[in-house]
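Report on the structure given below.
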Amino acid sequence: MSPTSTRPGTGETSEVGGLGDAGGLYEALRRILADRYTCRQFRPDPVPRATIERLLALAQRTPSWCNTQPWHVHLTEGAATEDLRARLLAHVHAGGPTAPDFPFPAQYTGAYRERRRECGFQLYDSLGISKGDVDRTVRQMLRNFELFDAPHVAIITTEADLGVYGAVDCGLYLNTFLLAAQSLGLAAAPQAALASYSDFLHAHLGIPADRRVVAGVSFGYPDPDHPVNGFRTTREQPGNAVTWHTGSVDAATATA
Ligand SMILES: Cc1cc2nc3c(=O)[nH]c(=O)nc-3n(C[C@H](O)[C@H](O)[C@H](O)COP(=O)(O)O)c2cc1C
């Protein structure tokens, strides 16, 4: 017999063993995860404040170490988005130096390099940009700083003193934010590219020196017909991301 649990607040019991779908939650989450993708062309329509507040309320449920909730988000709408877009782009075009608050990866090797290349090719293929077309490749890269025409951007920051685990908590927040956006009919683009100009963001948005920029998220309504939104990235087989350990270490040693 499958174990059952009582869902807090409901008094309902649901099957939690086997392959049971706990009250439809598995299927709902599966769909949100399957449908979400990084949107790189938005429609200009602003998202109503009430919808953004629902999104933020869901994201706020993110767990964090010691429940520190180290995230603080700088969020733009209307003229503030246009201002940030224009000034950031001007900063980039003027050759403003990249200065991320957290160091970017030094290199991508092996499977990481391959996966990075694959999603890069998918992106450029979707736009008909051929390998070696530096001008169009750079042009598309710069779309990051145009926020892919999104009406809103969220800059996620963490408390400097909380170090790597504060950043981990903010990564969890970022994911909840993306899934919450999907659940509300919105689309989003997580962007480390924005964090590469952390110094600009500190100055422009008044982000205090004791906070670190983790990532930006452009969001709004997707342009579903734009080719850049037409491809989906792959994932490794889940089993290849897991090493199972069964039985005691002593037993394994005994039979070795
Ligand atoms: C922390 C983080 C930073 C990212 N930075 C960028 C970025 O700067 N520009 C971009 O176009 N996509 C960026 N992405 C999107 C990834 O390329 C994308 O999530 C990945 O290729 C998987 O594709 P999917 O989101 O469509 O499933 C970022 C994603 C994450 C999680």
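Rule-based calculations on the coordinates, nothing more; no lab input. Being a predicted model, the structure only gives us computed values, none of them experimental. When we count neighbours, we look across all protein chains shown, and the Cβ atoms used for this are built from the backbone with ideal geometry, even at glycine.
So the values come out like this:
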{"quantity": "Tensor-based shape of segment 105-256 (alpha-carbon gyration tensor, a/c under 1.5 rounded, otherwise prolate or oblate)", "calculated": "oblate"}
{"quantity": "Cα-based Rg of segment 14-97 normalised by 2.2 N^0.38 Å, two decimals", "calculated": "1.61"}
{"quantity": "Distance between segment 177-254 and segment 28-57 - C-alpha centres, whole angstrom", "calculated": "14"}
{"quantity": "Distance in nm between pseudo-label sites at MET141 and VAL249 (7 Å out along the Cβ direction from Cα)", "calculated": "4.5"}
{"quantity": "Listed residue (PHE200, ALA90, GLN182) projecting farthest to the positive dipole end of the chain, Cβ model", "calculated": "ALA90"}
{"quantity": "Kyte-Doolittle mean at least -0.5, axial Cα span of 20 Å or more - DSSP H helices of the chain", "calculated": "79-93, 163-183"}
{"quantity": "Neighbour-limited loop hits for trypsin sites (Lys or Arg not before Pro), segment 52-144 (at most 10 other Cβ within 10 Å; DSSP other than H, G, I, E, B)", "calculated": "ARG61, LYS131"}
{"quantity": "Order of LEU56, LEU174 under a 10 Å beta carbon neighbour criterion, fewest first", "calculated": "LEU56, LEU174"}
{"quantity": "Selected from PHE121, PHE42, PHE177 as most flexible by GNM, with the chain as the system and alpha-carbon contacts under 10 Å", "calculated": "PHE121"}
{"quantity": "Ascending count of other beta-carbon atoms within 10 Å, so fewest first, for ASP125, ASP223, ASP210", "calculated": "ASP210, ASP125, ASP223"}
{"quantity": "Distance in nm between pseudo-label sites at VAL168 and ALA80 (7 Å out along the Cβ direction from Cα)", "calculated": "3.1"}
{"quantity": "Shape box of the chain [Cα atoms, principal axes, largest first, Å]", "calculated": "65, 48, 43"}
{"quantity": "Residues whose placed amide H lies under 5 Å from that of HIS152, excluding near-sequence neighbours", "calculated": "PHE219"}
